[in-house]
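Here is the structure we will look at, set down as structure tokens.
The values are calculated or read from the model by the stated rules, or taken from the named source; none is laboratory data. Computed from a predicted structure; not experimentally measured. Cβ sites come from the backbone with ideal geometry, for glycine too, and all protein chains shown count toward neighbours.
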Amino acid sequence: MSCLLECRSITKKFGTFCALSDINFTIERGRIVGLLGPNGSGKSTFIKIANGLLTPTSGEIIINGSSVGTETKKMVSYLPERTYLNNWMKVSEMIAYFSDFYDDFDKNKAYEMLQRLGISPDAKLKTLSKGTKEKVQLILVMSRNADIYLLDEPIGGVDPAARDYILNTIITNYNENSSVIISTHLISDIEQVLDDVIFIKNGHLVLTSSVEDIRMNQEKSIDAYFREVFRC
Amino acid sequence: MLGKVFKYDFKATVRYFVPMYVILAVLTVFNKLFMELVPYNNKNYVATSFKTAFLVFYIISLVCVFLLTYVFLTIHFYKRMTGDEAYLTFTLPIKITTQINAKVYIAAFWSFITSLVVGISFLILAAGHGIIDFFGKICSLIQSYQYSGSIIIFIILFILACILSMFYSFLMIYAAISVGHLFGKYRIIGAVGAYMGFYTILQVISILIMSVSGFFRYSNYRNDFDFLRFFNGYMFYSLVFSTIVTVIYYIITVYVFGKKLNLE
């Protein structure tokens, strides 16, 4: 399998606080990876660096052979933990926006998902609830045929019914050439879809492993093993 | 890509500017009506009061139109480049220079439209009150001036200064916001501090240049001295200086958002 993302000795400091310390790992194509850790462990920091939203103190992230920049942004579909939508736009205008800037954006797929979730394309974003906005954002992100999907807490703010739909959307929309990295602390909800896990604690890499290996060697679910590793 | 970014920047800002221009247009029409219907020496107290009130509103709205042009564009830049929307701005596969160029062009565009709208508003108010005579008098004054060549150069330099100021003033704000971004949680205070810092440094450098170049000694010259020619020389060097400063602001903005971006 070819390497899609390589994290080379990434360190990120905010003043004296070290959010990430010398992180190294690789992600292959065709995998769904759980980036797992408690709140404040550095998951979002890593994802932001991979998207070029944070500048690392040292080290670099290589995506498909390129350092993070304009070229890698064409390959990465990013779902941030906050709403970045232009509130004054309609949902359909936001779809047009994505379509204008991303060559790999599939408009039909987006409209199909909107219909299935009962969201009107004519609705103004400012009139939508926080949860619905998050769904619109996920639809936009998953309607791209990207190489890598970086999803920061994709199920954090939605109801359990929507969580199933979101996870289903993630599984059905990625293919063997792309990978999905899901950052979350709600492990039991996503455990079923993961191929690999990366545990991060206080900015340090604790573990990278396939889900299968953990189940075989530890004879535990990922959720149970996570609770053991991160016991307070 | 620049066209696409400009298109969405235009869409994001047009909803602020159109209502503002509509309010100015309404005030212009009302003022014009009162100017035409209520003569200067009118004894009707109510009509004269309304006329005065609308004139006051009009003058206030003129100040507001220019002020709000800066406010709207500053807020737009701040939200797009450092707010929640920045998460989308900086994950689009677009070069940072394209993003910033679009913001500079949109600012120059709305500055120009604001000046145009205000100019048209003035012309509407002045129409029928000897405005053609007024321009005629200015033209003949220019022709009769001893050093008419200097006036033409002055007009050219003045137009160039107006064009440059549209870029200069907004890039100063953008550079201040970008420097403020380096202060993390204190980015608004940082931006205000950077703006004040830029302003102070420029004032000091300008006064130094004016002192060294002898600008303050112009009164020592003879009576028939062509002041305008002297002033044009000063204006030319100020234009060169302002262009250099504008380029520096642009470089600061591109550098910070390109190399030091930290959306915490």
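The table for this structure:
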quantity: Of the criteria (1) free of Cβ contacts under 8 Å to residues at least 24 places away in the same chain; (2) more than 20 Å from the chain's Cα centre (by Cα), which one B:N31 fails; calculated: (1)
quantity: All positions within segment A:79-98 that are assigned to a helix (DSSP H, G or I) and not acidic (D, E); calculated: A:V91, A:S92, A:M94, A:I95, A:A96, A:Y97, A:F98
quantity: B:V5 at pLDDT 90 or above, out of contact with any strand residue (DSSP E or B) (no Cβ under 9 Å at 6 or more places or on another chain) and under 30 Å from A:G69 (Cα atoms); calculated: yes
quantity: Answer residue from segment A:51-64, given it is in a loop (DSSP other than H, G, I, E, B) and within 8 Å of chain B (Cβ to nearest Cβ) and is farthest from A:K126 (Cα to Cα) among those; calculated: A:T55
quantity: Unique residue being of a type in the set (K, R), more than 14 Å from every other protein chain (Cβ to nearest Cβ) and touching a residue at least 40 places away in the same chain (Cβ under 8 Å) when the list is B:K103, B:K137; calculated: B:K103
quantity: Of residues in segment B:30-49 being in a helix (DSSP H, G or I) and exposed (fewer than 14 other Cβ atoms within 10 Å of the Cβ), the one farthest from the other protein chains (Cβ to nearest Cβ); calculated: B:Y45
quantity: Selected residue (only one of B:T82, B:T13, B:T91 is closer than 27 Å to B:F109 by Cβ, in contact with a strand residue (DSSP E or B) (Cβ under 7 Å, 6 or more places away or on another chain) and surrounded by 13 or more Cβ atoms within 10 Å (Cβ to Cβ)); calculated: B:T91
quantity: Answer residue from segment A:1-50, given it is basic (K, R) and in a strand (DSSP E or B) and is farthest from B:P93 (Cα to Cα) among those; calculated: A:K13
quantity: Only listed residue being under 19 Å from B:D9 (Cα atoms) and part of a helix (DSSP H, G or I), chosen from B:Y58, B:Y70; calculated: B:Y70
quantity: Condition met for A:Y84 (facing chain B (nearest Cβ under 8 Å), touching a residue at least 24 places away in the same chain (Cβ under 8 Å), surrounded by fewer than 22 Cβ atoms within 10 Å (Cβ to Cβ) and among the hydroxyl-bearing types (S, T, Y)); calculated: yes
quantity: A:E176, sole failed condition from (1) of a type outside the set (K, R); (2) surrounded by fewer than 14 Cβ atoms within 10 Å (Cβ to Cβ); (3) within 14 Å of the chain's Cα centre (by Cα); calculated: (3)
quantity: So B:K103, is it buried (at least 17 other Cβ atoms within 10 Å of the Cβ), under 30 Å from A:K73 (Cα atoms) and charged (D, E, K, R); calculated: yes
quantity: Cβ pairs under 6 Å, 6+ apart, first in segment A:65-78 and more than 8 Å from chain B (Cβ to nearest Cβ) and without any contact (Cβ under 8 Å) to a residue 60 or more places away in the chain, second surrounded by 15 or more Cβ atoms within 10 Å (Cβ to Cβ) and among the hydroxyl-bearing types (S, T, Y); calculated: A:S66/A:T72
quantity: Every residue from segment A:33-44 that is buried (at least 23 other Cβ atoms within 10 Å of the Cβ) and either over 14 Å from the mean Cα position of the chain (by Cα) or of a type outside the set (D, E, K, R) (or both); calculated: A:V33, A:G34, A:L35, A:L36, A:G37, A:S41, A:G42
quantity: Answer residue from segment B:11-27, given it is touching a residue at least 40 places away in the same chain (Cβ under 8 Å) and within 18 Å of the chain's Cα centre (by Cα) and is nearest to B:I100 (Cα to Cα) among those; calculated: B:T13
quantity: Residues (at the interface with chain B (Cβ under 9 Å from one of its Cβ atoms) and either out of contact with any helix residue (DSSP H, G or I) (no Cβ under 9 Å at 6 or more places or on another chain) or part of a helix (DSSP H, G or I) (or both)) located in segment A:99-118; calculated: A:D100, A:F101
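The rows are residues; the columns are (1) over 25 Å from A:C3 (Cα atoms); (2) in contact with a strand residue (DSSP E or B) (Cβ under 7 Å, 6 or more places away or on another chain); (3) outside any strand (DSSP E or B).
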residue	(1), (2), (3)
A:A146	no, yes, yes
A:L151	no, yes, no
A:Y165	yes, no, yes
A:N177	no, no, yes
A:V180	no, yes, no
A:F199	no, yes, no
A:S209	no, yes, no
A:D213	no, no, yes
A:Y225	yes, no, yes
